[in-house]
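Worksheet: the structure to be examined is printed underneath.
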Amino acid sequence: MFLTDEEKRMLDGSMGEGVRKAMDMLVAMGKAFDAERMIKVSRTHVALSGQEGDTYWCELLVNGGARCLIPPTTNPNWDVDSLNPVYPVAPEKLFLAARTEDVYRRIGAIMTHCCTPELAGNVPSFGEHVAFSESSATPYVNSILGARSNRESSVSALASAVTGRTPYYGLHLDENRKGNMLVTVEAELNGAYDWGLLGWVVGMHAGNLVPVIEFKKRAYQWIRPTPEEQLYFTTEAATSGAVAMFHLAGITPEAPTPEKAFGGNKIIKNLTVTRKDLEEAQNLVSDPAGKINLVLLGCPHYTYDQLKEAAALFGGRKTADGVHFWILTSFDAIELAKRSGHLELLRNSGVGVVPDTCMDQPCFDGFRGMLNMTDSAKCAHYQKRRGLPFVLRSLPECIEAAVKGEAK
Ligand code: F3S
């Protein structure tokens, strides 16, 4: 693998043991994927998750003197101050959250603690080479923004943040960004929730192919989907499958036409998606409806517009007795909602709005075995594996259920 003189100095330890470890890891990855050389990255995002292995890797680099050349934004860790007093967790888990916070600060990360950096705070431009970890962010920056990133892990993204490099392979190369699967959408899509179900169906069938999606319903041939609709699609396609790149024909920047999106590639798989397929996806992911204990929204983090929509849907009503309701979001969306009056409305309805955290953190462990509800298939899928059953429905249905105490 070709390395520049500067990259060779990183690898031989001249720039410190932490930098050496980071470059060593990237070179190993580059060799595994037959990369000819490294490429400079101008942005990074690390899916810091408070998992011990990721924290240990960051400590190894910091203890070897490494600091970030391209400071990464960070995924949620845990807003201990907001949630720990409500849902106490084991001291060792609290300690790991604090240890993670400390070491990422020391390496020079930007502590955004938000899993949608591509919407605010770390937004790459068309053609920019970046190293993003966070399964929902990577397909968004590739497909919607036209930037270039492979599906990085926390480990490789942090190594790129330290060295400013990533191996030049995969989705950094033109030839791997072209479509090779055709998806024809016959279902009419009404809002972000439907886009999420579509993403789930596409991901199940696509695996790691590059789908080109054509819409039969006229509305989506002429109107751009909202950022939230595109985000729900990318999140679910990357959860049920390993989709890191897709094209929405006539919408996304590398797909002005289906022909351009395929770039001469052979179509190796066809899929048609109807309303029935979306309903089946919901039934597959969702647990059976019934009395609920918790509504958990914001996987991925809710935007300002979604907070505003939730406040409007409550319309001054309150959650039923015994129903906990949390929305996970970013600190800046909370600030905007506060200034604009929506936060107060949500709080008056019994909704907790919390920054910096993730549904996958241990603060929600107390709901194990109880029936819960969400509008995110990713949340339902992850939590089911951890013993938290979730009913999957749209945002309006979640709010109606919260007010009545029961999901339909
Ligand atoms: Fe965000 Fe955690 Fe969901 S990082 S996308 S809330 S799994």
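The values are calculated or read from the model by the stated rules, or taken from the named source; none is laboratory data. The model shown is predicted, which means the values in this text are computed figures rather than measured ones. So basically every Cβ, Gly included, is an ideal-geometry build from the backbone, and we count neighbours across all protein chains shown.
Just one residue in the set Asn63, Asn84 is more than 21 Å from the chain's Cα centre (by Cα) and over 24 Å from Cys299 (Cα atoms); that residue is Asn63. Being of a type outside the set (A, V, I, L, M), without any contact (Cβ under 8 Å) to a residue 40 or more places away in the chain and touching a helix residue (DSSP H, G or I) at 6+ places or on another chain (Cβ under 6 Å): is that true of Ser349 here? Judged against the criteria, Ser349 is a match. Remark: Asn348 falls outside the filter, which requires a residue to be within 19 Å of Ala401 (Cα to Cα), surrounded by fewer than 19 Cβ atoms within 10 Å (Cβ to Cβ) and touching a strand residue (DSSP E or B) at 6+ places or on another chain (Cβ under 7 Å).
Scanning region 365-379 for residues that are surrounded by 24 or more Cβ atoms within 10 Å (Cβ to Cβ) and either of a type in the set (Asp, Glu) or closer than 26 Å to Glu101 by Cβ (or both) turns up Asp375, Ser376, Lys378, Cys379. Filtered by the rule that a residue be within 14 Å of the ligand (Cβ to nearest atom) and among the aliphatic types (A, V, I, L, M), region 136-162 gives Ala137, Ala157.
Filtered by the rule that a residue be in a loop (DSSP other than H, G, I, E, B) and surrounded by fewer than 13 Cβ atoms within 10 Å (Cβ to Cβ), region 1-32 gives Thr4, Asp12, Ser14. Taken over region 368-393, the residue count meeting the criterion of being more than 14 Å from Ile327 (Cα to Cα) and under 23 Å from the mean Cα position of the chain (by Cα) is 16. When Leu278, Leu328, Leu297, Leu271 are checked against the criterion of being closer than 21 Å to Glu229 by Cα, surrounded by fewer than 20 Cβ atoms within 10 Å (Cβ to Cβ) and touching a residue at least 24 places away in the same chain (Cβ under 8 Å), a single residue qualifies: Leu271. For Thr166, the requirement of being crowded, with 22+ Cβ neighbours inside 10 Å, assigned to a strand (DSSP E or B) and of a type in the set (S, T, N, Q) is met. Residues that are more than 14 Å from Val183 (Cα to Cα) and outside any loop (DSSP other than H, G, I, E, B) within region 242-274 comprise just one, Lys260. Restricting attention to region 34-93, the residues being within 16 Å of the ligand (Cβ to nearest atom), under 30 Å from Phe2 (Cα atoms) and of a type in the set (D, E, K, R) number 1. At least 1 residues being more than 25 Å from Asp287 (Cβ to Cβ) and away from the ligand (no atom under 16 Å from the Cβ) is the threshold, and among the helices (runs of 4 or more DSSP H) wholly inside region 297-408 those reaching it are 304-314, 331-340, 342-348. From the set of residues in region 380-392 that are out of contact with any Lys or Arg (no Cβ under 8 Å at 6 or more places or on another chain) and modelled with pLDDT of 95 or more, which is surrounded by the most Cβ atoms within 10 Å (Cβ to Cβ)? Within region 380-392, the match that is surrounded by the most Cβ atoms within 10 Å (Cβ to Cβ) is Leu392.
Let's see how each residue does on (1) in a loop (DSSP other than H, G, I, E, B); (2) in contact with a Gly (Cβ under 8 Å, 6 or more places away or on another chain); (3) basic (Lys, Arg):
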site: Trp78; (1), (2), (3): yes, yes, no
site: Val86; (1), (2), (3): yes, yes, no
site: Ala97; (1), (2), (3): no, yes, no
site: Thr112; (1), (2), (3): yes, yes, no
site: Ser135; (1), (2), (3): yes, no, no
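Under the condition of being among the hydroxyl-bearing types (Ser, Thr, Tyr) and over 17 Å from His205 (Cβ atoms), the residues counted in region 247-287 number 3.
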